[in-house]
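Worksheet: the structure to be examined is printed underneath.
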Amino acid sequence: METKKWTTEEILSIYNKPLLELVHEAAVVHRKFHDPNKVQISSLISIKTGGCPEDCGYCPQAARYHTEVKMHELLPVHQVKAQALRAKQHGISRVCLGAAWRNVKDGEEFDQVLEMVRTVTKLDMEVCCTLGMLTENQAKRLEEAGLYAYNHNIDSSEDYYKEVISTRGFEDRLETIGNVRKTSITVCSGGIIGMGESVEDRCDMLRILANMYPQPESVPINALVAVEGTPMEDQKPVSIFEMVRMVATTRIVIAATQVRLSAGRTSMSAEGQTLCFLAGANSIFAGDKLLTTPNPDINEDKLLFKELGIVPQAPFEKHPKRNVIEKENANVHAKGENPKWTRPGHKIERNESHRYKGSLKEAASSLKWVDFESKR
Ligand code: SF4
């Protein structure tokens, strides 16, 4: 049975309710679909960091923005396994493997990721991947490896997306999510607030997610972490009340999903996070780093959970574990795919100027070097 089709206006009228009424309504919905004293904990492992060819305006991993991010190539499987085991010892049920890629390409690196998925799934942990755009065949190969979830955020409304990214199209994002939906892998898709978008954009993003059929099984709500060197470095942080409104509205319109507090949690007080849990957040990222931006320490989370009487959700509590099909028994094989996907290519002024700023910085440092050399 299809779920209700939401309009942006309906979602706006929820978002703009008096805050306490909104939180109460969300808490009621939350209790119908979830145990309010359970929160799912994920840990993010950046399996390939930096050097990304895309121009996402919020992202320090985009090669063009000259940030302090330390690049590294794809991690070996044994290192990912060791990190996953450490996470498991802390009660973490899901490991999210993130690679700074535009899209998945068949070949050795993707084979290595498939092996990571098999290895971590066999540790009895849920595995999520966020690897960029993905074809149907690649999604099927991940499914065979045992992948539990695939993350592909839509980031913002379709309109505002054009102000954030110019190197890939919004429709490609939807197509990737559609490719994941052709498998039994669950979908994780959400967005970021605080990038300069309007409240209408936030609600329109939620409309797109809420009207997906089926709705995403998890929805990360990120508050922008403005990183120096990115086009959004001067963006003002969102208030905790905006975050609470966003979480509560998501809970009401996508009732069965896991609403995840993602980037931006370091700047929230314990009381602010508690308000988010009351408003329907039931998942967090733990560990001191979220890909490349800071995140609260796991011990702080444990203390807060103890204070609130919250217990971690066990792995596979919401959806069953996938079978792991070993490489040699696979039914779906690599096709050598590296599709081009679209490149809208419109100019985003603040992204362009940051690219330029970065080049100027580099030019200045090389000039200094020339100067020094000439004095010798
Ligand atoms: S968000 Fe992902 S795709 Fe965009 S620049 Fe960063 S790593 Fe690349």
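The values are calculated or read from the model by the stated rules, or taken from the named source; none is laboratory data. Source: prediction; values computed, not measured. As a convention, Cβ positions derive from the backbone with ideal geometry for all residues, glycine included, and neighbour counts pool all protein chains shown.
Considering each residue of the range 13-32 in turn, none proves to be within 16 Å of the ligand (Cβ to nearest atom) and either of a type in the set (S, T, N, Q) or part of a strand (DSSP E or B) (or both).
A single member of Ala62, Ala84 is within 9 Å of the ligand (Cβ to nearest atom) and either buried (at least 17 other Cβ atoms within 10 Å of the Cβ) or closer than 18 Å to Glu326 by Cβ (or both), and it is Ala62.
Within the range 41-56, the set of residues being near the ligand (Cβ under 7 Å from one of its atoms) and not in a loop (DSSP other than H, G, I, E, B) comprises just one member, Cys52.
In the set Glu109, Glu143, only one residue is over 18 Å from the mean Cα position of the chain (by Cα), at pLDDT 95 or above, surrounded by fewer than 21 Cβ atoms within 10 Å (Cβ to Cβ) and closer than 22 Å to Gly336 by Cα; that residue is Glu109. Looking only at residues in the range 212-241 that are touching a Phe, Trp or Tyr at 6+ places or on another chain (Cβ under 6 Å) and of a type outside the set (A, V, I, L, M, F, W, C), the one that is surrounded by the most Cβ atoms within 10 Å (Cβ to Cβ) is Thr230. The single residue among Thr121, Thr176, Thr135 that is buried (at least 22 other Cβ atoms within 10 Å of the Cβ), within 17 Å of Pro339 (Cα to Cα) and modelled with pLDDT of 95 or more turns out to be Thr176. For Ile254, the criteria (1) free of Cβ contacts under 8 Å to residues at least 40 places away in the same chain; (2) under 18 Å from Val29 (Cα atoms); (3) among the hydrophobic types (A, V, I, L, M, F, W, C) hold in every case but one, which is (1).
Considering only the range 1-8, I want to know if a residue exists there that is away from the ligand (no atom under 16 Å from the Cβ), within 20 Å of the chain's Cα centre (by Cα) and either within 26 Å of Val225 (Cα to Cα) or surrounded by fewer than 21 Cβ atoms within 10 Å (Cβ to Cβ) (or both). Checked against the condition, which is being away from the ligand (no atom under 16 Å from the Cβ), within 20 Å of the chain's Cα centre (by Cα) and either within 26 Å of Val225 (Cα to Cα) or surrounded by fewer than 21 Cβ atoms within 10 Å (Cβ to Cβ) (or both), the range 1-8 yields no hits at all. Scanning the range 336-352 for residues that are in contact (Cβ under 8 Å) with a residue 40 or more places away in the chain and surrounded by 12 or more Cβ atoms within 10 Å (Cβ to Cβ) turns up Glu337, Asn338, Pro339, Trp341, Thr342, Arg343, Pro344, Ile348, Arg350, Asn351.
Per this entry, Pro320 is counted among residues that are within 30 Å of Pro36 (Cα to Cα), in a loop (DSSP other than H, G, I, E, B) and free of Cβ contacts under 8 Å to residues at least 24 places away in the same chain. Taking the criterion of being outside any loop (DSSP other than H, G, I, E, B), over 12 Å from Asp111 (Cβ atoms) and charged (D, E, K, R), the only residue of the range 327-344 that qualifies is Glu328.
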